[in-house]
Structures are given as structure tokens and as C-alpha cells.
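Notes follow the structure.
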Ligand code: PPE
């Protein structure tokens, strides 16, 4: 996971401001209580210029996340969609990661937000392979976390809420201390939920499996993307509860996320799954074709930045 690389502008509360000026007071509510929601989106260089992948779906999820926290973002889905497209254009980045965030700002301090304004910002910066280039080609080593996934009756996982990420942070730190690249969190009942920042898939006897949303996972847009195009490629995809034994005995395993794209898993808890298998490799390459605009069947998922940047 790379250092944050400064770019020229950040969109903040309706204006483009210099990177260094996009600051807030230490008294903001969101900092004290994690009362915010965010998104992670990727923009890719395509033959027709830079396009943001499934931007509208991500901004809609941001609004839904806020609604679950009873927070009203003062900008519409269309406002934030347009601001994201302009921001990537203004920063002249051929490809990058886009991070919208909305949180309770400065006003009262105390658990229930009163008339705190909701601050809204969008940043973008270059972000390479989430789990490293080697992870993309050889697969990563993951560990089942001793921290369980926060159940959805504690905080709704359908909300990509800032505070929820303490659960992910503890899990991935524990995994890293043990020498692993990523953590898989289980539900309280012991079923596979998701990783600190990705959804999980396994392949067994040619069938693709992924855990149901009821396990308290983020409703991953990459998960949804992969499920849709995998079916169109002729694969059978089943949504089922999975146990850790299912993972250890899987023919293949991989994880999906905006940042991680399709990353193969080579080991779980030192059980060897192996080099990335044929299904994983086929899905990884189909995904990269789609996001980079090489597969016209999914062209409606690409939203082009303004002003359009033609490839030199
Ligand atoms: N589960 C979690 C917990 C999660 O954070 C993500 C995204 C996913 C599943 C996959 O969701 P989607 O991106 O819609 O397919 N994690 C973001 C990275 C978090 C980070 O800041 O690091 C991401 O991939 O952008």
C-alpha cells in the first residue's frame, strides 16, 4: 500500500482547492467518532481517454452509505459525479484512485451530531497495485484474522462508513505482523466474510463461490462486476456460506476490490492453494480488459473524464 502522493487539486465543499489547503479543524465530529462515509474508485487510461469505472454506482453507494448513518450529503449524486470527472481532468492524471469522503464537520462535539455541517471532499492520486505487482502475478499470502467481522446489527456493512474500518485495520495489522499480506475476517458463526479491503471468492471443481451479503460484508462493486461478467463467460457462480475448510481445500482463491482489482490468493494460513489458476487468470484478464475499455460489451460502465484526454 503506497504512500499518499500529492496531486494539484482537491475538490472540497464545492470548490477546487490546492492539495495543501484541503484541511479541517481537529474538532470535527468525523475525526472523533469516525462519523463519515467514503468511496474508493479507479480511473483508467483507455484508448478514448481517461475513464472512471462505475463512477455512478460508487457515488450512489456513497449516498446510500450516508443515508444509513442518517447523514445528508449536501451534493447530489450528479454533482459528485461531475466533480469527480472534473477533478481527474484538472489533475491531468491518466489513471488514478479517486476517494470521495463525506463526514460530520465542526459544530457540536458529543456523540450525536447536532447541527454539524457535512463536509464533502474528493481526492485523487496515483495508486498502483494494492497488494504489490508480485501479488497480482503470483498471488498473496493471507491469514484468517482472530478479529471477527463486525456484525451488521452493530454497524451496517452496507455503509462504507469510516468508523467500520477500525475492524479492518486491526485485522490487516495482525496479518502483517505475522508476515502475511492480507487478512480474511470470519463472521461470529465462523463463515467467511471478507478481507480488510476486498471481497473473497473461491473456485472448486470449476464453479465460482462467494459469500452472501448477509455475512455482513461491503456490497462490493468489483464483486458484482466479476459475478456479472463471469456468468457471461460461461462460468457458474454460486453465492453460498463458506467455511475456512472450503478455503483451505479450494482449487483456486482470489479477492476482488476497486483497489486490489482481481488479486489471486496463493496461501491461506500456510495451506498452499498454489499459483494463480486458470479461472482466476481468466477473470483477472477479463476485468482488466473491461476497466481499460477493451471490451465494448461493458462500455456503459466507463464514464469519461472532462475534458477528455486523448491518448498521445
Ligand atoms: N470489502 C471491504 C471491507 C472493502 O473495504 C472493499 C473496498 C471491498 C470489500 C471491495 O469493494 P469494491 O471496491 O466496491 O469492490 N476497499 C477499498 C480500499 C480500502 C482502502 O482504503 O484501503 C477499495 O478497494 O477501494
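Just so you know, all these numbers are worked out from the coordinates, no wet-lab data involved. Model, not experiment: these values are computed from the prediction. We place every Cβ from the backbone using ideal geometry, glycine too, and count neighbours over all the protein chains shown.
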Practice task
Evaluate the relative contact order of the chain (contact order divided by residue number), counting alpha-carbon pairs under 8 angstrom at least 6 apart; express in whole percent.
Solution key: 22 percent
Handout entry: Least to most buried among 251, 194 (fewest other Cβ within 10 Å first)
Key = 251, 194
Handout entry: Whole-angstrom gap from region 28-70 to region 107-178, using each part's C-alpha centre
Key = 13 Å
Exercise for the section: Quick one: angle between helix 278-291 and the longest Cα principal axis of the chain, in degrees between 0 and 90, rounded to 10, please. Expected result: 20 degrees
Exercise for the section: Quick one: among 243, 210, 120, which has the greatest mean-square fluctuation in a GNM of the chain with alpha-carbon springs under 10 angstrom? Expected result: 243
Fill in the blank from the handout: Listing 160, 238 by rising number of other beta-carbon atoms within 10 angstrom, fewest first, gives 238, 160
Problem - Globularity ratio of the chain, using Cα Rg and 2.2 N^0.38 Å - result: 0.99
Handout entry: Rounded tilt (10° steps) of 221-232 against the dominant C-alpha axis of the chain
Key = 50 degrees
Exercise for the section: Fewest Cβ neighbours within 10 Å first, please rank 301, 19, 125 accordingly. Expected result: 19, 125, 301
Handout entry: Highest-fluctuation residue, 39, 214, 134 considered, GNM on the chain with Cα pairs under 10 Å
Key = 134
Practice task
With a bin width of 5 angstrom, please list the P(r) values of region 133-276 as percents of all Cα-Cα pairs, from the 0 bin to the one holding the largest distance.
Solution key: 2, 11, 21, 26, 23, 13, 5, 1
Exercise for the section: Please give the calculated 222 nm ellipticity per residue for the chain, where each DSSP H segment of at least 4 residues contributes -39500 (n - 2.57) and the sum is spread over every residue; nearest 500 deg cm²/dmol? Expected result: -8000 deg cm²/dmol
Exercise for the section: With everything on Cα atoms, drop me the angle between helix 77-90 and the longest principal axis of the chain, reported from 0 to 90° to the nearest 10. Expected result: 90 degrees
Practice task
Express the Stokes-Einstein translational diffusion coefficient of region 9-125 in µm² s⁻¹, to the nearest whole number, given a Kirkwood radius over alpha-carbon pairs, 20 °C and a viscosity of 1.002 mPa s.
Solution key: 147 µm²/s
